[in-house]
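Engineer: Have a look at this one.
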């Protein structure tokens, strides 16, 4: 699972692809009203919504939340946090394809009478959803993008360039950095334990070893997708070394609990010391 992204700009108040205008109020309403539980906006290619799950025009993620910020130019901008599929992460971060986004906005959604984000498209051709399309659509009797809209009155925003950055990337690094130290602390305590709680400590170490293996596999997958990151490579090398130390330490632990203590004699013989 890819995880959620950092927020990025998906629209600015102003022109759309059919000569209309995205008003400041539209952006404010979308940020206020958006909820995946009410209506979840999905990510698609070029505003084309395929039917089959194996189509190139399948869905590539979901919009999780919206917010607004005013830029230095005085214009309000709409920001989104998305949950992208692994395909979208690969397409945008590794292949450098589909690096522009365009919103589909319903200006009067359902019974609310206010604007709502109903879709988010990724594209490689900003001109087709930007200036050229604006100039054409302003005089055309019918927008050439009409067939791609969920409803005829919906708006398509101009395409905005974006960079997909994952929110949980830093969190994963922090988790991995602290994990090996926790294991070493537990193993250090295990050396001082008595026979009575040996089995509990052994079980705990086995659970942690399994968790470590799972984290290694997840981190290896993340590293493969971001192979150019020097910091991640160093982190993987450190984690691999810690895992080797863990395996060596575990191999030195007794693999069976010590036998029960011999209780000694019956106590019938006493001595005077």
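Engineer: Since residue 74 meets every condition but one in (1) in a loop (DSSP other than H, G, I, E, B); (2) closer than 21 Å to residue 167 by Cα, which condition does it not meet?
Structural biologist: Unmet condition: (2).
Engineer: Among what's in the range 77-111 and is part of a helix (DSSP H, G or I) and free of Cβ contacts under 8 Å to residues at least 60 places away in the same chain, pick the residue that is farthest from the chain's Cα centre (by Cα).
Structural biologist: 91
Engineer: With respect to the numbered conditions (1) within 19 Å of residue 16 (Cα to Cα); (2) surrounded by 20 or more Cβ atoms within 10 Å (Cβ to Cβ), which one is the sole condition not fulfilled by residue 79?
Structural biologist: Exception for residue 79: condition (2).
Engineer: Just give me the residues in the range 113-141 being modelled with pLDDT of 80 or more and either surrounded by fewer than 13 Cβ atoms within 10 Å (Cβ to Cβ) or not assigned by TED's automatic domain parsing to the domain that holds residue 31 (or both), in sequence order.
Structural biologist: If the condition is that a residue be modelled with pLDDT of 80 or more and either surrounded by fewer than 13 Cβ atoms within 10 Å (Cβ to Cβ) or not assigned by TED's automatic domain parsing to the domain that holds residue 31 (or both), then 113 is the only one that fits.
The values are calculated or read from the model by the stated rules, or taken from the named source; none is laboratory data. Everything numeric here is computed off the predicted structure, so don't read it as measured data. Don't worry about glycine lacking a Cβ; one is built from the backbone with ideal geometry, like all the others, and counts go over all protein chains shown.
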